[in-house]
1. Please report the spacing between the Cα centers of the stretch 20-98 and the stretch 302-316 in Å, no decimals.
2. Let me make sure I get this right: for the chain, a, b and c are the square roots of the gyration tensor eigenvalues over alpha carbons, sorted descending. Under 1.5 in a/c it's rounded, otherwise prolate if a/b > b/c, else oblate. Which is it?
3. What does DSSP give for the chain in terms of the percent of beta bridges that are antiparallel, rounded to the nearest 5?
4. With the cut-off at 21 Å, tell me which of the pairs 32/139; 32/618; 559/580; 94/126; 162/184 have Cα atoms farther apart than that.
5. Residue-wise, which Karplus ³J(HN,Hα) couplings in Hz belong to the stretch 509-519, taking 6.51 cos²θ - 1.76 cosθ + 1.60, θ = phi - 60°, and x for glycine or proline?
6. Counting other Cβ atoms within 10 Å, which trypsin sites (Lys or Arg not before Pro) in the stretch 1-70 have at most 11 and lie in a DSSP loop?
7. Please work out the Cα center distance from the stretch 435-504 to the stretch 178-197, rounded to the nearest Å.
8. Hand me the trypsin sites (Lys or Arg not before Pro) from the stretch 670-702 located in a DSSP loop with no more than 15 other Cβ atoms within 10 Å, in residue order please.
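Where a number appears in this text, it was derived from the coordinates with a stated rule and is not lab data. As the structure is a computational prediction, the values presented were derived from the model and not from experiment. Glycine also receives a Cβ, built like all others from the backbone with ideal geometry; neighbour counts cover every protein chain displayed.
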Amino acid sequence: MCGIRVSHDGQRVIAVRPDPNNAFSHGHICPKGTMLGDVHHDPDRLRRPMIREGSEWREASWPAAFERIEQLVHGVRERHGPEAFAFYGGNMSKGGFDTSRYLMMFVRQGRFAQRFSSSSVDQLPKNVSNHLMYGDMWKMPVPDIDRTDLFVILGGNPAASKGSIFSHRDVMGAIKALRARGGKVIVIDPVRTGTAQAADQWLAIRPGSDAALLLAVVHVLFAEGRVKLKHLAAHVNGVDELHALAQAWPPGRVSEFCGIAPEAIEALARQIADAPRAAVYGRIGTCTQAFGTLASWLVDVVGALTGNLDAVGGTLWSTQVAPHLSLAPPYPTDAPLIAKPSRVRGTPGILGQYPASCLAEEIDTPGPGQVHGLVTLGCNPVLSAPGSARLDAALGELEAMVSVDMYLNETTRHAHVILPALSPLEQPHWDVWAWPFSLTIGGHYSPALFAPDAERPEEWRVLARLASIVGGDALADLDALDDAYFGAMCDQTGIDRAAAFAALPRHGAHRILDLCIRTGPLGDRFGARPGGLTLQRFIDEPDGIVFGQAEPQGAAALKTPSGRIELTPAHVLADLPRLKQAMEQYAGEASPLMLVSRRHLRSLNSWMHNVEGLVSGKERCTLQLHPTDAARLGIASGDLAEVSSESGSVRVLAEVGDNIRPGVVSLPHGWGHGAAGTRTTVSARHAGVNINLLSPARLVDAASGNAVLNGIPVRVRRADESEAQRWIA
Ligand SMILES: Nc1nc2c(c(=O)[nH]1)N[C@H]1C(S)=C(S)[C@@H](COP(=O)(O)OP(=O)(O)OC[C@H]3O[C@@H](n4cnc5c(=O)[nH]c(N)nc54)[C@H](O)[C@@H]3O)O[C@H]1N2
Ligand SMILES: Nc1nc2c(c(=O)[nH]1)N[C@H]1C(S)=C(S)[C@@H](COP(=O)(O)OP(=O)(O)OC[C@H]3O[C@@H](n4cnc5c(=O)[nH]c(N)nc54)[C@H](O)[C@@H]3O)O[C@H]1N2
Ligand SMILES: [Mo]
């Protein structure tokens, strides 16, 4: 989303700098953006297809790679049938210009029996609550921080992440501006993060207890007569039911479980209710935890009860120039909330996918339907998904694994064939996945800077061909496939297919983008709206164009069967007894330490650690713990600590400091590099440890199947001196 200027000599990047004229970012950029040249020139980045025989890799031509894939797929189909194939789509399957636009075609054409994705180690709980409350899993309320008076952040740290499912040019700058104009910022997080340090107030919550805290907030709102639905009054169902159920959650009852005083909970409720405009926002910490769906739902319930949902200065839904997701959603819009139970664990499929936590057992447990073939796209679940030790071993048992990726990493080392992804500078850009979560109405397009390898098929053809092979249609006519896909999108927009094909004859992702712009709210509708937007407008204005800020959408936005916001979905309420039980069983001081994850500004999940300029300097993969816990455990900063959970153990440098709640320890995620058979020279030297060796695959949020990656019970001890010496040497 950040506009950049790349100076180069035709072959090599000289420098990447922020573009001060960019209409969206106004010269804002993060350290990762300046390193895109390093990624592009990284000698470890894969540029040609790779085929593995035993432990040996060789480079191959594209035709040879596809031939090998056909053989592998054919073998699995012969031995086990078509139900033996699974797909895992990662965070970066949403990144590429073609990849993001063809993801849905890929998934359909691949006819995968089981689908997994990074959604279930991320925002799936919010998808479930959106689906039930608004009738659309991608209808994400975005905090309107530029126009609010109070910003409440639960479990998000934009100081590191830049904001998530919330695309703002400069969140930390906006926080500063908000405070400067007299507004307030409250951060609810077990860690006093960079964001908490920039806020007015830090509430050091116990991990996993947000839902209880928010229920108590709802309790106070009703008890003190502070519920003000305002414009929502005629558009919500379930207010009385909420009133009744919140009776059981007074602040005094949840206080110990949440680790927050009853008075602080009351004050929080009053501040939200009394602020002229308040934006309540929850992110990773409220999703990847034991009660992710309850917490995600309650974040929006509090917004609704105070009249701050779909409101200026509260949370709003985006208005997009190119609304791609409504034409080709990554998961079928018709995917049911709940699908048939998974084969091994019996956990339901949710919104078209199975939890990532189930993948290992689906591969290593024999029986009908066992996964023997896997396609991965832009992911590294060996580092990013729970129960990684078992997953790592299971991937090694696959009979056919094909990965589309830029690196030979912890996951792709198990593949039989790797098809190289394009570098960020070899592809055009217009983000499919950032604009839906931005309240700025605008867009910017940039063409590819460097031409990809001449032998390389266009990226959408790579994906369409791969999916066709796996789906049992190896001879598919890719052009016909593309026309059918594009035609289906035209139908969704109500545009006459013939007119669209005539105006946009060229195959590929550009015409999809153009269709989205032309049929979007400001588009020219192929001439029916003269002066309306087309892709060409943005090609002509490389700094991008901003048209304004999102406004409330009212009832027209709602796609629930009732046409109203459902404040009390039965599926979500059914998980309340589990929360109540956890609260009643909470053992106070005697409870084990709880592990949470963190991010750093200079990382991007697992995959930007191979850039020296992003990993050099002070060791970042450290265990942060509070001085009280450190003293009790006899651990000092710089000691080697051993952290163990029911699923594994790691040894890591300790970093003692009081920016964390006592009883909670924190590790960054995305580390644990240097495994045999990987080819990431720089990250192998800055290996760190894999936090997800500690995350048990057994632990999921019941209502969504999302992994619990925060609030994991762990034991910590000091590893002995001789081990520490050896490690530091
Ligand atoms: N630099 C950088 N930026 C990134 C990424 C990256 O890896 N590096 N990753 C990107 C991706 S994929 C995503 S999804 C986003 C995520 O963006 P954010 O949601 O902002 O993620 P984090 O920075 O991990 O912040 C999560 C916070 O939740 C807190 N937390 C943990 N458990 C709990 C809990 O039970 N309750 C509450 N209230 N808080 C809790 C943690 O202490 C942490 O401070 O970031 C994106 N941006
Ligand atoms: N403990 C713990 N675990 C977590 C988290 C946490 O906070 N704590 N966060 C979770 C979250 S929010 C997420 S999103 C996941 C992320 O986890 P994943 O999605 O599994 O992994 P990434 O590390 O984002 O890996 C992206 C992969 O895509 C490749 N890649 C980069 N660009 C491209 C491209 O253009 N095309 C293709 N095909 N490949 C590309 C990279 O080389 C890399 O292998 O991790 C999750 N895991
Ligand atoms: Mo994510």
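1. Value for the Cα centre distance between the two parts: 40 Å.
2. Rounded.
3. Antiparallel bridges make up about 45 percent of those DSSP assigns within the chain.
4. 32/139; 559/580
5. Going residue by residue, I get 6, 4, 6, 5, 4, 4, 4, 4, 5, 5, 9 Hz, with x marking Gly and Pro.
6. Those satisfying the criteria are 12.
7. Centre-to-centre (Cα) distance: 42 Å.
8. Of the trypsin sites (Lys or Arg not before Pro), the ones in loops of the stretch 670-702 whose Cβ has at most 15 other Cβ atoms within 10 Å are 698.
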